[in-house]
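> The structure's right below; bear with me while I get my questions together.
The values are calculated or read from the model by the stated rules, or taken from the named source; none is laboratory data. Because the structure is predicted, anything quoted here is derived from the model rather than measured. Cβ placement follows ideal geometry from the backbone for every residue including glycine, while neighbour counts extend to all protein chains displayed. Side chains are part of the model used for accessible areas, which takes the heavy atoms of the whole protein and leaves out ligands, DNA and RNA. Shrake-Rupley method; radii C 1.70, N 1.55, O 1.52, S 1.80 Å.
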Amino acid sequence: MIRVGKLVIVGAVLIAVAGMSGCGEKAQVIVYKQGKYQGKPDTKPWENDPGASLYTTSKWKAGDKSGWETALKSRNQNQNEYTRAE
């Protein structure tokens, strides 16, 4: 009988400790510098090489904006259900 009472007390203490552990969380504040971008700088999409994939049929070179736009329009047109149904 003493063991059951001890087990209940230990269980209550563990529950109390687990409940109180959330009270010690620190606030997470982002330090923002006005006018400064903190992330990674982006490049233009046409400045990257087309991804090497089995599903990519793009025929544009890095830095070729018009070729990239043509490949994008072609890909979008291939996904157009109205043109595929005919």
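> Hey, what number do you get for the chain at 222 nm if only DSSP H runs of n ≥ 4 count, each worth -39500 (n - 2.57), divided across all residues, to the nearest 500?
-13500 deg cm²/dmol
> Out of (i) 11.7, 41; (ii) 11.9, 34; (iii) 29.7, 83, which label holds the value of Rg and Dmax of the Cα atoms in Å that was computed here?
So the structure-derived entry is (iii).
> So how tilted is helix 65-78 from the main axis of the chain? Cα-based, degrees 0 to 90, rounded to 10.
That helix lies at roughly 80 degrees to the long axis.
> Provide the FRET efficiency to the nearest 0.05 for the A62-Q38 pair, computing r from the beta carbons and using R0 = 35 Å.
0.80
> Also, I was wondering about something else. Per the 1.4 Å probe, what fraction of the accessible area of the chain, in percent, lies on carbon and sulfur atoms?
Percent of accessible area from carbon and sulfur atoms in the chain: 58.
> Right, something else. For labels at E25 and Y82 in the simple 7 Å Cα→Cβ model, what's the distance in nm?
Label at E25, label at Y82, 4.9 nm between them.
> In terms of solvent-accessible area of protein heavy atoms at a 1.4 angstrom probe, what is the ranking of E47, E25, highest value first?
From most exposed to least exposed: E25, E47.
> Hey, if we sort Y82, Y32 by accessible area with the 1.4 Å probe, largest down, what's the order?
These residues rank, largest area first, as Y82, Y32.
> Tell me the per residue accessible area of the chain using a 1.4 Å probe; a whole number in Å² is fine.
Here the per-residue accessible area is 99 Å².
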